[in-house]
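Laboratory data are not the source of any read-out in this text; all were calculated from the coordinates shown. Not measured: the values here are computed from a predicted model. Every residue, glycine among them, receives a Cβ derived from its backbone with ideal geometry; neighbour counts consider all protein chains shown.
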Ligand code: HAM
C-alpha cells in the first residue's frame, strides 16, 4: 500500500498498519502461509457456495418449494445413503454406472442417492397408514459421477414433487401445472416449454408398425435428438427394423407441437388399434385438464420423448428452454409399478425432479437469477461501549418481529460499523448513543439515502417493521 506523491520507501506501511486498516474494513487478517494444506480444493463437480451466491439459490429453492406447498405437497426428508440394491431394481444401467457406491464399515453395499424416486417408492410401500393421495416435496442433494459439463454436476440439488395413488390424468395434470407455476413465478414462463409423451402411446404405435423389440427401439428414439437421420436409421437397422418401418418411426417421432392440436393430428395419422386409441384418448384428457389449469400453452406433445429411467410406465415429460440451447430443465413421468416392487401393494405414482443447474443457466441468461448478495434489515450501531447493552437489547426486540438484525461484534468505531452495515447490505441502521438515550430516543438512518430521524426507543420496532413490511 502506497500513499501517492511520496517516495515508495517513505510511505511503505508497516505490516501492523495494514492489519489495522484491513480489520477496519471488516476483512480477514492474513499471515505468512506455512500451511501444507493450502492446495486442497473441492472435488470437480462439487461446489463451495458462499453466502452471497447461496442467498440466490435459497431464493429460487424457496420459490420452487413454496409453489409445491401451495399445491398441497407436504415436505418429507429422506436418507442421503441407501442400500445399492434399491437402484438395481429399476433405475436403469446408465444411472447405476454413475453412482457413488461403496462398502460401509459393516460390509454393506451402499450408494449416495443419485435420485429420490426409489426411496419414495420404498417409503410409500412401508407405510400402509398414509392418507392418500400422498403428495410429497423435498429439496436435497443428489450425487452422480457424471461427465462434468454445463448443467451436469456430480453433486446437485433436485426438488422432487410426486403424487401417489392417483391413476387418472388428474394427477398428471396437477404435477405439470405445479411445474408450470414454478416457471411462471420464476419469471421465465415464455422461455420454457414442456415436452410430453406417453410411452404406451409410442409403444403401441411401434407395435402397429410391426416392431416387437420396442424397449430397444425406444432407447434409439431416446437418443434421436443427438443423431442425424442417417445415424438414426442405421441404429434402427442394427436392431432389426426394416427401412420402411424405420422411415415410419422417423415420421411418427417427428410429430410435435401444441398439445391439443397435435393430439388431434396424431389421431388422424396413428393406427386405429385399441391400445393406440386408448393412449390417444388419455393424452386428449390430459390436454383438456392442462387447459383447465391454464398451462396448456406451455405444453407440447413430442413423440420422441422417452427418458432414460427404466421405471416409467406411461406419461413422460421434460422441460426445455424454448431457444433449445440448454439441456433438460427437469424431467419426470408416471411410474405405476415401482412401489409394487418393494412389497405387496400396488400404488400408482407420477412426478418429476426439478433440476437447478440448467434452470440457473436459463435464469441468468434471462436476467432473472436473483442478485447474488446477502441482505440485512437492520444494523444496530453503538456510539460507545457504554450503550452496548441497550443496542443488544434493541436488536433482540427487532428480531422478535422477524427482522434480520446484526450488531457490532468487533468493537469497532462508528464509521467502521457503518462500513460493515454497508457490507452486509443493511437497509436501515439504528444508532444508539448516550445523548439520544437520555431523551429516550435513537437515530434511525436510511442506509440508501443517508437520511436520518430521531425515533422514540419504545416505538422504533413498530416504526421499522411497518416501513420494512411495506
Ligand atoms: P432425471 O431426468 O435423472 O430424473 O433428473 C431430473 C432433472 O435433474 C434433470 O432434468 C436435470 O435438470 C437434473 N439433473 C440430473 N442429473 C443432473 C446432474 N448430474 N447435474 C445437475 N442436474 C442434474 C430423475 O431424477 C427422476 N427421479 C425424476 C422423477 C421424479 N421422476 C418421477 N419423479
With angles folded into 0 to 90 degrees, how steeply does helix 274-292 sit against the dominant principal axis of the chain? Use alpha carbons for both and round to 10. 30 degrees
Here the gain from full extension of residue 243 to residue 415, 0.36 nm per residue of separation minus their alpha-carbon distance, amounts to 54.0 nm
Subtracting the Cα-Cα distance from 0.36 nm times the residue separation, let me have the gained length for residue 327 to residue 231 in nm, one decimal. 32.4 nm
May I ask you to derive the FRET efficiency for residue 42 and residue 346 from their Cβ-Cβ distance with R0 = 41 Å, giving the value to the nearest 0.05? 0.40
Which shape class applies to the range 376-468: rounded if a/c is under 1.5, otherwise prolate when a/b exceeds b/c and oblate if not, where a ≥ b ≥ c are the square roots of the Cα gyration tensor eigenvalues? rounded
Going by Cα centres, the range 57-98 and the range 284-318 are how many Å apart? 20 Å
Per the C-alpha gyration tensor (a ≥ b ≥ c, the square roots of its eigenvalues), the range 347-400 is rounded if a/c is under 1.5, else prolate if a/b beats b/c, else oblate; here it's oblate
Can you put 184, 108 in order of Cβ neighbours within 10 angstrom, beginning with the fewest? 108, 184
Mind checking the angle between helix 15-25 and the chain's longest principal axis? C-alpha axes, 0 to 90 degrees, to the nearest 10. 70 degrees
Given the C-alpha centroids of the range 413-470 and the range 328-383, what is the distance between them in whole angstrom? 37 Å
Just need the relative contact order of the chain here, percent rounded to a whole number, with Cα pairs under 8 Å and 6+ apart. 16 percent
0 to 90° range, to nearest 10: angle between helix 356-365 axis and the chain longest Cα axis: 70 degrees
Please work out whether the range 230-362 counts as rounded, prolate or oblate from its C-alpha gyration tensor, where a ≥ b ≥ c are the square roots of the eigenvalues and a/c under 1.5 means rounded, while otherwise a/b larger than b/c means prolate and anything else oblate? rounded
Contact order relative to length for the range 376-468, counting C-alpha pairs under 8 Å separated by 6 or more residues, stands in percent at 31 percent
CD proxy at 222 nm, helix term only [per DSSP H run n ≥ 4: -39500 (n - 2.57); per residue of the chain; nearest 500]: -12000 deg cm²/dmol
Extension reserve of the residue 267-residue 30 stretch, reckoned as 0.36 nm per residue once the Cα distance is removed: 78.2 nm
Using 7 Å Cα-to-Cβ label points, what is the residue 463/residue 88 separation (nm, one decimal)? 6.9 nm
What distance in nm separates the two pseudo spin-label positions at residue 101 and residue 189, each 7 Å out from Cα along the beta-carbon direction? 4.4 nm
Alpha-carbon centroid distance for the pair the range 102-169 / the range 217-248, whole angstrom: 32 Å
